[in-house]
Structures are given as C-alpha cells and as structure tokens.
Amino acid sequence: MTEQSPALDNLLTESRTFPPSETFSAQANATADFYAEADADREAFWAKQAERLHWDTKWSQVLDWTNAPFAKWFVGGKLNVAYNCVDRHVADGHGEQVAIHWVGEPGDNRDITYAQLKDEVSKAANAFESLGITSGDRVAIQMPMVPEAIFAMLACARIGAVHSVVFGGFSPTALRSRVDDQAAKIVITTDGQYRRGKAAPMKVNVDEALEGAESVEKVIVVRRTGDEVPITEGRDLWWHELVDGQSAEHAPQAFDSEHPLFILYTSGTTGKPKGILHTSGGYLTQAAYTHHNVFDHKAGEDVYWCTADIGWITGHTYIVYGPLANRTTQVVYEGTPNTPHEGRHWEIVQQHKVSIYYTAPTLIRTFMKWGNEIPQKYDLSSLRVLGSVGEPINPEAWIWYRENVGANSAPIVDTWWQTETGAIMISPLPGVTATKPGSAQKALPGISAKVVDDQGVEVGKGGGGYLVLDKPWPGMLRGIWGDEERFRETYWSRFADQGYYFAGDGAKYDADGDIWLLGRVDDVMNVSGHRISTTEVESALVSHPTVAEAAVVGATDPTTGQGIVAFVILRGNAVDGGEEAVQELRDHVAKEIGPIAKPRQILVVQELPKTRSGKIMRRLLRDVAENRQVGDVTTLADSSVMDLISSGLKSGK
Ligand code: WTA
C-alpha cells in the first residue's frame, strides 16, 4: 500500500478513551445490544430499520444480491421519499414544528415549519410537472444554501425526477460536463450568492456553462441577491413567477424502492468525475437510521445543525434526507463561518440552542487557529452531541473540539463514509462507545467493514492495509451513471475474488481491534474534506498553453488536511516560471474546475521523476512538497532527476 504521512502515523500512538456518561447512556437511542442483534440476522435488522419509513407497498424481500455488485433492497416495496420527509410529519400533527431555521449570510432569517415545507415542495412539484418533467428525468441544481435548493431537491423526489446537485463553487466547465453526462432537462440556479459578505454572480456562470447544451430545456432562477441577470427568452424562468402561483396540493405518487433518487458527481482516479447513483428505499432507510442513532436525535426536542453544503453527499444525507425523514428541527446556514466575524457559528448555536453539531476537521482546525477565546464568548451549553466527517480528525483537533465546544462532556462521533456509501458506515455510537480521539472505531450495527492486506486477507490487531466493505448495505451506490464497466472496475475489481467493495482508503486496527482511517491510497486528494483527483488538476494545468507536463500531489497541510502542490514543466523551457506565470496557472485551474482545486503551490521544474514504464512517482514529489528527505529512488528511470528538482527549488528556479 502507499506510505502514510508521519502526521497520520502519530494518530496511532493516541491512547486516551472517553467512556459515555451514565446520564447520556440512560437516554441514548442506541444500545450496545444493537451489534449482536444485527449480527444475528442482518436482513431482519435492516427490515426493522426500514419500518421507520412509510411504505405504500411493503417489500417482499429485504435484499436481492443475486446480480452483485448491483444490489436491490426492499424489493417490491414502494414509497415516496418526499412524503416520508415532509407530509407524514404534517399528517401526524407536527405541521407547526419548525423544520428549518434558515440563516442567511447577511443576517436575514426564515423559519420554515413542516406545514410550510409541504406547501413549498408541493408547489415546486406542480411547477416542475407543468414544464413536462416526469419520473426519471434529470434535473441539475447549482445553488447556494437557500431554502429553495432543498424545496427543489424534495420536489424532484416527489415526482420521481432525479436530481443532481452541483456544488456552487464549481466552474462553468465542471457544471457543463455534469449536465451533459446526465443529459439534464432542467437546470435550477440563483441570480447570485452571498459569499464572505459580498454578492457574487451565479446565473452568468450557468449561462456560460449551458451555451449550446442540447439537453437543457429550461433554466429556473431563484432570486437571492437581487442583482440583475441576463434572461434568455423561452428558456429562463424566475422561480417566484413559476412556483409561487401553483397549487399547494400535490398528490405524491409511490415509486419503486429502487427508483433512482439522485446522481452526485465525485472525483475518481481519472480526470472524469463519476456520477454516483443512489436510489430510494434503502438509501432513505440508512440515512434515517444513522441520523437517529449516530446523532442520538430526538424529534421535537433537538436542534440539529450540519454545516455541510448541499453540493456534497453530507448535505444530501444529513441536511435533507436523514434529518427530514426523522422530523428534525435544523439550522441551515447560507454563508461562511467568519462572516461577519469568527464567532458566527457559536452565535448561531447560542441563538438557536443547537444541541447536535456536525462539521469537518478542517473547520475545527480553523477554529483552533482563530483562538479559544472566540467560542468562550458564547453560551454553548445546549450542545450535547458533536460530529466530524470528511477526513481523519487528528487527536489535537478532536480534543480541542471536546474541550472548547463540547464542554468536556458531549460525545464526539467521528463518522467515516463516502459519496458512494450514501450514509455513515463506521462511527462510534454515542452513549454506547467509549470514544478515542482520531479513530472512527467500528462499523455500525448492520454494516460490515474489514481491513485487509494486498491479497484480501484480513489483517490482525495492530495491522494495516486497505479498508473494504465485505457485505452489501442499504445505502450503497447502485452504479456510476451510464458506466457499468467503470463501476465494476473502480470498486469491485481490486478484491473481485472475495467480492469486497474497495473503498480507496488505507486503515489500521489498533490493539483493541478499532479501525483508524489513514487517508486515501489512490490518486484522490482530500482538501478541506473535498475530494479532488490529481489527474483532474493535472489535466486542467496541461490545458494551459504554457504547460508541457504536470504532476500533482496532495501534501499534508495543517489546516486543510491536504494542500494541492503541482509540479509543472513549462513549454520550450523558454518561458520563465516567475510569480506572474504561476499565479496565472493557479487562476487557470480555478477557472477550469473551481476555486477549491486551486493549487496551494506550483513549482516549476525541468523534469519529473518517472519509472522506467513512464509512471510519475508521486511519492517522491510528495516528499519534496512536505520538505522531507526524498525516499527510495531506485525505481526511477533516471535517479538524478530528484537532485535536479531539489536543487532547482533551492535556487528558486
Ligand atoms: C474521507 C464524505 C477519515 C475518506 C462523507 C473517504 C474520512 C472520503 C472520514 C469520502 C473520516 C470521510 N475519517 N476519512 N471520518 N470521512 N473520509 O465522498 O478518504 O466526499 O474515502 O464523502 O473522505 O469523501 P466524500
């Protein structure tokens, strides 16, 4: 397996544990016997979890795995996902409960009850149907964190249309490739978005993306910033003109348990993002089950806040589907954590008495940098469960989170999962697990994960290798949109003999048999919890006229987890690699992919280290990027290359 960075190795010397308090355990949703119950009969366990939902037609079979790796869960069952997330709570007498405390970045607020959510979703569903959108059609959504984004997702689910949310920070080129890949009929966006206290354009980027896009019939525009935007007659419609006048009555139709719910693109090891496909019944079951147990959520009592963006899987599963299926009252915040000041999150926690807070290690490390005195200024006593997701959390950040945010008592759940897994897979259970800073610990009841060696044999306690999922799970991806071969190849070929799902993460067991995640073992980087492939950034770089060749690595970064470091060879070697040229390249990558992919550093070099078969040895470049002594160079075709790179960098060339 690929080598781990020293920072990650340090994780494994951590030995503190934090057992749950008796008071917490006494009231916890999860109990220790869940593990044994699930092990005794996995399918019966999941069937019980599926009972959390309203099914119009009950399933006849829990799992059909005969056509592996294509799973069918709750075979023959029929349900409407939006009905489950909205209508049934109103029908049960909770229409007046706030579903969403929406907090706009500039300070505007909007509280939306379940009854209002039902009206908004129904109106949007009627509006989409009036445009001819029907079951199975694809709808692309590129929007900031405004309530209409959630209405739109649920309205799609309600009518059986497949949504595909594209993160607001993605470039027009990135949006276009996703729209084309799925042949989206409709694109929904906003005029602009608030970012760091300023209104930034959105619709003009969408216009640029959609020039000549053949599949797109309509573009629906939500007014957010009020900035003037160009309107294409016959194609563009204002949300308020289209939706507001619609009837708030809409009869939800039941769809098959395996009906596609959404496509979400994520980076893989090649340049082309993969459209991960999720379906309805199994996904919603696992989303609701995990949200209930991992966060110990109590409907009608807790105020929950997941700080993710709906453009990522965490926003899908833990802002939209899981929480709403569980009748959660939640905060949805539009903006950045330091606008207008660095205490913004804690101010919101205090104001809304947030009790469950779910965020990413990169943000925790940023809070640490901003200083302990900032959270100390606010009343955070409402917080009782804290979550982390997106990358390994280093013990320092974990302890800081516990002490400064969790008053030394709130359990921290370090949740490992992926876009592909749909929902949380490995995590402590609050009230049950004695937590360990830095370890995600155990597969949840009903889930099975193993750490295996190169041959697919499980390693022993203290051993390291690859993380695999050895049994199907309800929220698992059902494929890559339009590319069955890539689905098999990416996830199921590495351990084909055993039939294991290969997650792409390195992992270890500690002496207790707990799992520690050690980062990606493929060419996927994790920057602030965002997956970006090295190839994607390399192809963006070589698409610039001055670049002859590029190699990109993820180097350990104290705040963002990894930072993108690019090594480029310029064309003809005549062009000088001065600051301006480098800045232009960074901007070029931002334009091609989006600002999140902007390299932290670009180093202009004369040569790249390659094996005799021509493969770039990223391991060596990572040594340079992390200021380490360069490792074993014996497999290089020309071992002097590394000296050339290192000396060139020292002399500033
Ligand atoms: C990483 C985000 C360690 C991992 C939900 C995985 C983690 C990738 C953790 C998926 C965690 C996520 N500890 N690593 N708790 N959570 N990862 O698809 O490398 O955006 O493969 O899904 O993030 O990223 P994705």
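Worth pointing out:
- Cβ-placed point charges (K, R +1; D, E -1), dipole of the chain about Cα centre in debye, nearest 20: 440 debye
- Spacing of the two label points (7 Å from each Cα toward its C-beta) at ASP33 and VAL204, in nm: 6.4 nm
- Cα centroid separation, region 44-103 to region 327-362 (Å): 28 Å
- Whether region 309-376 is rounded, prolate or oblate, judged on the alpha carbon gyration tensor where a/c under 1.5 counts as rounded: prolate
- Exposure proxy for GLU396, GLU258, GLU241: other Cβ atoms within 10 Å of each Cβ, ordered fewest to most, give GLU241, GLU396, GLU258.
- Distance in nm between pseudo-label sites at ASP512 and ASP56 (7 Å out along the Cβ direction from Cα): 4.7 nm
- Using a cut-off of 18 Å between Cα atoms, the listed pairs LYS48/LYS450; LYS436/LYS508; LYS436/LYS461; LYS508/LYS610; LYS298/LYS353 include LYS48/LYS450; LYS508/LYS610 as exceeding that distance.
- Among THR611, THR269, the order by Cβ neighbours within 10 angstrom, fewest to most, reads THR611, THR269.
- Three-way shape label, region 196-285, alpha-carbon gyration tensor, a/c 1.5: oblate
- Unit charges on C-beta of K, R, D, E only; dipole of region 528-650, Debye: 380 debye
- Taking N as the residue count of region 512-653, its C-alpha radius of gyration divided by 2.2 N^0.38 Å amounts to 1.06.
- Estimated translational diffusion coefficient (Stokes-Einstein, Kirkwood radius over Cα pairs, 20 °C, 1.002 mPa s) of the chain: 84 µm² per second.
- Cβ-Cβ FRET estimate between VAL75 and GLU211, R0 fixed at 41 Å, reported to 0.05: 0.40
- Neighbour-count order for HIS544, HIS54, fewest beta carbons within 10 angstrom listed first: HIS54, HIS544
- Pairwise FRET efficiency - THR559 versus ARG628, Cβ, R0 = 30 Å, nearest 0.05: 0.95
- Global form of region 210-253, assessed from the alpha-carbon gyration tensor, a/c cut-off 1.5: oblate
- Inter-label distance, nm, simple model (7 Å from Cα along the C-beta direction), GLN455/GLN253: 5.4 nm
Only the coordinates and a few stated rules stand behind these numbers; no lab work does. All figures in this text were calculated on a predicted structure; none of them were measured in a lab. Counting neighbours? That spans all protein chains shown, and the Cβs are built from the backbone with ideal geometry, glycine included.
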